[in-house]
Amino acid sequence: MQFESTKGNLKIDGNKLMLIDKLGGYHFGRLDEKGYVVTRSGLSLSYLSQAMREYRATK
């Protein structure tokens, strides 16, 4: 599934997350069993968390 957020283009595949930001940077993460975003870097966490909040607000 794809979702266009203010941070960029969010792609959701099962529990895997990928966001391509407005500058072309890639951010990867996943959703844990409770639905929280998990990443390896703080910057990716910021981008993906914001995009997921926007996505969940549309549901």
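The values are calculated or read from the model by the stated rules, or taken from the named source; none is laboratory data. Predicted, not measured: the structure shown is a model, and the values here were computed from it. Here the Cβ positions follow ideal geometry from the backbone for every residue, glycine too, while neighbour counts run over all protein chains shown. For the accessible areas, the whole protein counts, side chains as well, though only heavy atoms, and no ligand, DNA or RNA atoms are used. Shrake-Rupley method; radii C 1.70, N 1.55, O 1.52, S 1.80 Å.
For the chain, what % of the accessible area comes from carbon and sulfur atoms, probe 1.4 Å?
Exposed carbon and sulfur together represent 53 percent of the surface.
From the P(r) of the chain, can you give the percent of Cα pairs sitting at distances over 17 Å? Walk me through the numbers before you get to the answer.
Details: 424 of 1711 pairs.
Considering the chain, 25 percent of its Cα-Cα pairs are separated by more than 17 Å.
Accessible area per residue for the chain in Å², computed with a 1.4 Å probe and the full protein assembly in place, what is it? I get 69 Å² per residue for this part. Setting aside same-chain residues fewer than 8 positions from Lys16, which aspartates and glutamates have a Cα under 15 Å from its Cα? The qualifying aspartates and glutamates are Asp32, Glu33. Modelled label positions at Tyr36 and Gln2, each set 7 Å beyond Cα in the direction of Cβ, lie 3.1 nm from each other. Basic side chains Lys and Arg get +1 at the Cβ, acidic Asp and Glu get -1 at the Cβ, and with that the dipole of the chain about its Cα centre reaches some 60 debye.
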